[in-house]
Amino acid sequence: MRHAKSSWKDTSLSDLDRPLNGRGRRAAVAMAKRLKIAGYLPDLVIVSSALRTQQTAQALQKVYRGQLRLITEPILYEATPADYETVIHRVDEAIDHLMMIGHNPTMEWLASVLSGRDVTLPTAAYIRFKIANQWQHFSMAPCVEMDYDFPKSR
């Protein structure tokens, strides 16, 4: 999942400290509701350390009524595709459903590689995949795309 729309209102803030704007807060909740209605319950949510990703994760947590296990992973902020792969390789094999909340352009690149097609991930968009192997053997190769949604799709 890509973080929801952030605010550029306070120019004194660092990029890391930019919060969600009003539209972003609403979209994060709406997308969390769509995920929940679709029956998706991640076992683990790994979140970038940026404020906007943290606030997106908190919107999910609110919709899921505190059921989510959230972990902050600072490497996901300004991450390369190799950074995402490294984080995925460290996921415990007991985890069946992993969610990551991060940033473009890396999230879009990852989604495109895993889907085998060009994917655009607007803010608050998500895309789900079925990964055929264990996390430690995860590779950047096409997988089965399960679901894709974004705020303005409906």
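The values are calculated or read from the model by the stated rules, or taken from the named source; none is laboratory data. Bear in mind the structure is a predicted one, so any value in this text is a computation, not a measurement. Neighbour counts run over all protein chains shown; Cβ positions are idealised from the backbone, glycine included.
Details
- Hey, A124 surrounded by fewer than 16 Cβ atoms within 10 Å (Cβ to Cβ) and in contact (Cβ under 8 Å) with a residue 12 or more places away in the chain or not: no
- When restricted to residues that are modelled with pLDDT of 95 or more and part of a loop (DSSP other than H, G, I, E, B), the stretch 118-154 contains 9.
- Scan of the stretch 127-154 for residues that are aliphatic (A, V, I, L, M) and surrounded by fewer than 17 Cβ atoms within 10 Å (Cβ to Cβ), ordered by number: I131, A132, M140, A141, V144, M146
- Cβ separations smaller than 6 Å between residues 6+ apart or across chains give the following pairs from the stretch 83-94 residues that are closer than 17 Å to L110 by Cα and charged (D, E, K, R) to residues that are modelled with pLDDT of 95 or more and surrounded by 13 or more Cβ atoms within 10 Å (Cβ to Cβ): D83/I75.
- From the list A50, A82, A57, A27, the one residue that fits, being in contact with a helix residue (DSSP H, G or I) (Cβ under 8 Å, 6 or more places away or on another chain) and either under 18 Å from I127 (Cβ atoms) or surrounded by fewer than 21 Cβ atoms within 10 Å (Cβ to Cβ) (or both), is A27.
- Residue tally, condition among the aliphatic types (A, V, I, L, M) and under 21 Å from Y148 (Cα atoms), over the stretch 77-94: 1
- Per this entry, R34 is counted among residues that are surrounded by 17 or more Cβ atoms within 10 Å (Cβ to Cβ), touching a residue at least 60 places away in the same chain (Cβ under 8 Å) and among the charged types (D, E, K, R).
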